[in-house]
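Here's the structure we're looking at; comments come further down.
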Amino acid sequence: MITYVETTSPAIAYDLDEFKSFAMIPDSDFDAQKLPLHLKQATAEIEEISYHLTTTRTIEALLDNFPVSGVIELERFPLVSVASVTYYDEDGSEQTLNASKYHVDTDSTPGRVVLKFSEVWPKIETGRPNAVKITFEAGYGATESDVPDRVKHAIYCLARDRFQRLPMIDQDTREQIDSIRWRFVYG
């Protein structure tokens, strides 16, 4: 099992004016101020479902041990680069694996760290959780203009659907939902 931890925040993956045009939302619509929230929620949901990160960010993949297969699949797409592979050796000291020992495959989905032929993974501290950490970058690019149209379209469709359903809910329920969403997105 691999645990993924984002160490940088994502950039905005949408263009608000483009979305308003797509969803045919007039500028005068009183709920238009809530559009960024709908777009952020839709973006997070698309990323969670697909593992495709809209904008590039740094991720840490944590593993309890090195795989016997010699291949570590990084399920956050697309893989841009691997900065480091670190591990805790048998003595409990953190070490960095020399990059000459493995290949980084950014062309495959998922991207992979592949142990080179005739190399072996180093021995790690027995029983230590998260003994192996791979720090990598994944995502389509630094700005919303780097996000593929098909991904933006999915975000826009989901956000439009949510936005257009809001008028069917009474105002009290709507405020409760917005409050819950606000706390979920912003903490």
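Of the residues that sit in segment 125-149 and are under 14 Å from ASP15 (Cα atoms) and not small (Gly, Ala, Ser), which one is surrounded by the fewest Cβ atoms within 10 Å (Cβ to Cβ)?
Looking at residues that are under 14 Å from ASP15 (Cα atoms) and not small (Gly, Ala, Ser), I get ASP149.
Report whether or not VAL71 is surrounded by 14 or more Cβ atoms within 10 Å (Cβ to Cβ), aliphatic (A, V, I, L, M) and over 17 Å from the mean Cα position of the chain (by Cα).
So VAL71 does not fit the description; no.
Checking the structure you have, find out if any residue of segment 24-37 is among the hydrophobic types (A, V, I, L, M, F, W, C), in a loop (DSSP other than H, G, I, E, B) and within 28 Å of ASP149 (Cβ to Cβ).
yes
Any residue in segment 22-44 that is within 12 Å of the chain's Cα centre (by Cα) and closer than 16 Å to ALA159 by Cβ?
Yes, because at least one residue in segment 22-44 is within 12 Å of the chain's Cα centre (by Cα) and closer than 16 Å to ALA159 by Cβ.
So which residues in segment 114-124 are surrounded by fewer than 18 Cβ atoms within 10 Å (Cβ to Cβ), more than 22 Å from the chain's Cα centre (by Cα) and of a type in the set (A, V, I, L, M, F, W, C), if there are any at all?
PHE117, VAL120
Have a look at ASP17, ASP64 and point out the one that is over 19 Å from the mean Cα position of the chain (by Cα) and not assigned by TED's automatic domain parsing to the domain that holds ILE155.
Just a single option satisfies the conditions, and that option is ASP64.
Among the residues of segment 96-135, which ones are touching an Asp or Glu at 6+ places or on another chain (Cβ under 8 Å), farther than 18 Å from PHE77 by Cβ and of a type in the set (D, E, K, R)?
LYS101, LYS123, GLU125, ARG128, LYS133
Tell me, which strands (runs of 3 or more DSSP E) lie completely within segment 54-160 with 3 or more residues that are farther than 30 Å from PHE22 by Cβ and either hydrophobic (A, V, I, L, M, F, W, C) or touching a residue at least 12 places away in the same chain (Cβ under 8 Å) (or both)?
Qualifying strands (runs of 3 or more DSSP E): 57-63, 71-74, 79-88, 102-105, 111-115, 132-138.
So, in segment 10-60, how many residues would count as being modelled with pLDDT under 80 and hydroxyl-bearing (Ser, Thr, Tyr)?
2
Any chance segment 2-12 includes a residue that's within 18 Å of THR109 (Cα to Cα), in contact (Cβ under 8 Å) with a residue 12 or more places away in the chain, of a type outside the set (Ser, Thr, Tyr) and surrounded by fewer than 20 Cβ atoms within 10 Å (Cβ to Cβ)?
Looking through segment 2-12, at least one residue is within 18 Å of THR109 (Cα to Cα), in contact (Cβ under 8 Å) with a residue 12 or more places away in the chain, of a type outside the set (Ser, Thr, Tyr) and surrounded by fewer than 20 Cβ atoms within 10 Å (Cβ to Cβ).
The values are calculated or read from the model by the stated rules, or taken from the named source; none is laboratory data. All values reported here derive from a predicted model rather than from experimental measurement. All Cβ positions, glycine included, derive from the backbone under ideal geometry; neighbour counts span all protein chains shown.
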